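To start, the structure itself, in C-alpha cells.
The values are calculated or read from the model by the stated rules, or taken from the named source; none is laboratory data. From a predicted model like this one, the values you see are computed outputs, not experimental measurements. Here the Cβ is made from the backbone with ideal geometry for all residues, glycine too, and neighbour counts use every protein chain on show.
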Amino acid sequence: MKKLDLTKEYKQYYTAKNKPELVSIEAAQYLSINGKNDPSSKEFTENIQALYTIAYTIKFMCKALDKDFTVAKLEGLWWYDEQLYKDVTPEASPALVPRSEWQYKLLIRLPEFVNTAHIATAIATAVEKKKSILSKNVSLHLIPAHKAVQMLHIGSFEKEPETISQIIDFMNSNNFAKGGHHHEIYLSDFRKTAVEKLKTILREPIA
C-alpha cells in the first residue's frame with residue numbers, strides 16, 4: 001500500500017524562496033480549529049493537540065481502508081481587529097498588537113478523499129475514547145484557489161516582521177491589494193528545532 005505524502009504530492013505548496021514571489025495556490029481542504037489567545041499559552045498548545053488528535057484518528061481510519069497518508073504540516077491563518085488597530089501597518093502588527101489579541105485558525109491539510117463523515121467519526125471517537133473535549137471544536141475548512149505573495153522565513157517568529165516587510169514592499173510595488181488573512185506554514189517542528197533554524201512560509205493572499 002502506497003502512503004500519500006502531501007508535501008511531495010503538492011511540493012510547490014510547501015516550497016518558498018528566500019525572496020518575495022507571486023504564486024498560484026490550488027484549492028484545498030483542511031482540518032481547522034479557531035482560537036484567540038497568546039501562542040505561548042496553554043490554550044494554544046491544547047488547540048494544537050486537539051487538531052492533531054483528529055488528524056491522526058482520521059489517518060488510522062483511512063489506513064484501515066488502504067488509503068494511508070502522512071499527516072501534513074501545521075499551518076495557521078492569523079488576524080486581528082483592524083478597526084481597533086487601524087493605524088497599525090501589517091509589518092508592525094506583530095510588535096504592536098498584543099499577542100492575546102491575535103485570532104487564529106490552525107490548519108492541517110487533508111487528502112481529497114477525506115470527507116465530512118470521516119471527520120465526524122474521528123471527533124466522536126476522540127471525545128469518547130481519548131476524552132479530548134476540545135476535539136468538538138475541530139471542523140472542516142475550505143480555501144479556494146487564489147494568488148498570494150510568499151517568502152521563506154528562517155529564524156525566530158519574533159523576527160518575522162523583517163520578512164513581512166519585504167513581502168509588503170513587493171505587494172506595494174506591484175499594486176497588489178491584501179486579499180485574506182496572513183498565512184503561515186510551519187515547515188519545522190518548533191517544539192524540536194533550534195530557533196535560528198526554524199523554517200516558516202509566510203504567505204499573504206492578494207485580491
Which numbered condition trips up GLN166, out of (1) polar (S, T, N, Q); (2) outside any helix (DSSP H, G or I); (3) touching a residue at least 12 places away in the same chain (Cβ under 8 Å)?
(2)
Which of the residues that make up segment 45-72 are touching a residue at least 60 places away in the same chain (Cβ under 8 Å) and either crowded, with 19+ Cβ neighbours inside 10 Å or in contact with an Asp or Glu (Cβ under 7 Å, 6 or more places away or on another chain) (or both)?
ASN47, ALA50, LEU51, THR53, ILE54, THR57, ILE58, PHE69, THR70, ALA72
Checked pairs for segment 121-132, first among the β-branched types (Val, Ile, Thr), second part of a loop (DSSP other than H, G, I, E, B), C-beta under 8 Å and 6 or more apart or across chains, list as ILE123/VAL138
The residue that is farthest from GLU75 (Cα to Cα), considering only those in segment 1-41 that are at pLDDT below 95 and surrounded by 17 or more Cβ atoms within 10 Å (Cβ to Cβ), is ASN37
Run HIS146 past the list (1) farther than 27 Å from GLN29 by Cβ; (2) touching a residue at least 40 places away in the same chain (Cβ under 8 Å); (3) of a type outside the set (Val, Ile, Thr) and report the number of the one that doesn't hold.
(1)
Condition check for SER165: within 18 Å of the chain's Cα centre (by Cα), of a type in the set (Ser, Thr, Tyr) and surrounded by fewer than 20 Cβ atoms within 10 Å (Cβ to Cβ):
no
The conditions are (1) in contact with a helix residue (DSSP H, G or I) (Cβ under 9 Å, 6 or more places away or on another chain); (2) closer than 25 Å to TYR52 by Cα; (3) not in a strand (DSSP E or B), and ALA117 fails exactly one of them. Which is it?
(1)
Single match in GLU128, GLU112, GLU101 (criterion: surrounded by fewer than 19 Cβ atoms within 10 Å (Cβ to Cβ), of a type in the set (D, E, K, R) and more than 23 Å from THR45 (Cβ to Cβ)):
GLU112
Inside segment 179-193, can you point out the residues that are surrounded by 10 or more Cβ atoms within 10 Å (Cβ to Cβ), more than 18 Å from LYS19 (Cα to Cα) and not β-branched (Val, Ile, Thr)?
GLY179, GLY180, HIS181, SER188, ASP189, PHE190
Which pairs turn up if I take residues in segment 75-100 that are within 17 Å of THR200 (Cα to Cα) and look for partners that are surrounded by fewer than 12 Cβ atoms within 10 Å (Cβ to Cβ) and among the acidic types (Asp, Glu) with beta carbon separation below 8 Å, at least 6 apart in sequence or on another chain?
PRO94/GLU158
Go through (1) touching a residue at least 60 places away in the same chain (Cβ under 8 Å); (2) out of contact with any Asp or Glu (no Cβ under 8 Å at 6 or more places or on another chain); (3) assigned to a helix (DSSP H, G or I) and name the single condition LYS136 misses.
(1)
